[in-house]
1. Pairs of alpha-carbon atoms within less than 8 angstrom and 6+ residues apart define the contacts here; what relative contact order does region 1-53 have, in percent?
2. Along the charge dipole of region 43-85, which of I72, H58, T84 sits closest to the positive end, that is, farthest toward it, with unit charges on the beta carbon of Lys, Arg, Asp and Glu (+1, +1, -1, -1)?
3. Leaving out ligands and nucleic acids, and using a 1.4 Å probe, what accessible area per residue does region 1-139 come to in Å²?
4. Hey, got a sec? Which GluC sites (Glu not before Pro) in region 8-82 land in a DSSP loop and have at most 16 other Cβ atoms within 10 Å?
5. What is the chain's relative contact order, in percent, from Cα pairs under 8 angstrom and six or more apart in sequence?
6. Can you send over the carbon and sulfur percentage of the accessible area for region 1-107, probe radius 1.4 Å, protein chains only?
7. Can you classify region 111-178 as rounded, prolate or oblate using the Cα gyration tensor, where a ≥ b ≥ c are the square roots of its eigenvalues, rounded means a/c under 1.5, and otherwise it's prolate if a/b beats b/c and oblate if not?
8. Once you've got the GNM for the chain with C-alpha springs shorter than 10 Å, pick whichever of L46, L119, L154 has the biggest mean-square fluctuation.
Amino acid sequence: ALSLINLAGLYRAQGHDKEAEPLFKRGLDINEKCLGPEHPDTARSLNSLAGLYRDQGHYKESEPVLKRALEIFERVLGPEHPDTAAGLNSLAGLYQVQSRYTEAEPIFKRALEIREKVLGPEHPKTATSLNNLASLYQDQRQYKKAEPLSKRALEIREKVLGPEHPDTAMSLKNLADL
């Protein structure tokens, strides 16, 4: 199942969504049958499929899949697990692309809180959560809220990943866009 999902991810990166979707579905089916419908790998498969749907603009298909994945992460791994934070970020990101900002904000904040607590305040995934929340504020033209989050994300990435890392460059661009 993992190989199928990885291949589907490769197809997505190449812009071949049509070829990726059946592989994601097949990998999900295998995980559900072999590992069970409540296994974290099943939830990760759901998250991947939902990401494809979101990127294709199929928001109505994406949301229930993301919610199912998040429910599995919370039930099986716990409400403060890093995979739960990843699931929260995915759901909030879906709401953000639909301009459902009031729904996205508390979810992004919860993901950030989990990552700060579990991974630490200087972890690269904490920087990602900061960046996600800053992006949400930027979309709403709330630049005074976005700027300190973007600056903190940049500081973390420069310190932990280095000044030449692509994520650091992305943080610089995000800050410049404010």
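1. Worked out over region 1-53, it gives 34 percent.
2. It is H58.
3. That works out to 48 Å² for each residue.
4. When the GluC sites (Glu not before Pro) of region 8-82 are filtered for loop state and at most 16 Cβ neighbours within 10 Å, E38, E80 remain.
5. Relative CO of the chain lands at 12 percent.
6. Its accessible area is 53 percent carbon and sulfur atoms.
7. It comes out oblate by the Cα gyration axes.
8. Per the Cα network of the chain with a 10 Å cutoff, L119 tops the list.
The values are calculated or read from the model by the stated rules, or taken from the named source; none is laboratory data. Just so it is clear, the structure is predicted and the values come from calculations on it, not from any experiment. Positions of Cβ are generated from backbone atoms using ideal geometry, with glycine treated the same way; all protein chains shown enter the neighbour counts. We work out accessible area using only protein heavy atoms, side chains counted, and drop any ligands, DNA or RNA first. Shrake-Rupley method; radii C 1.70, N 1.55, O 1.52, S 1.80 Å.
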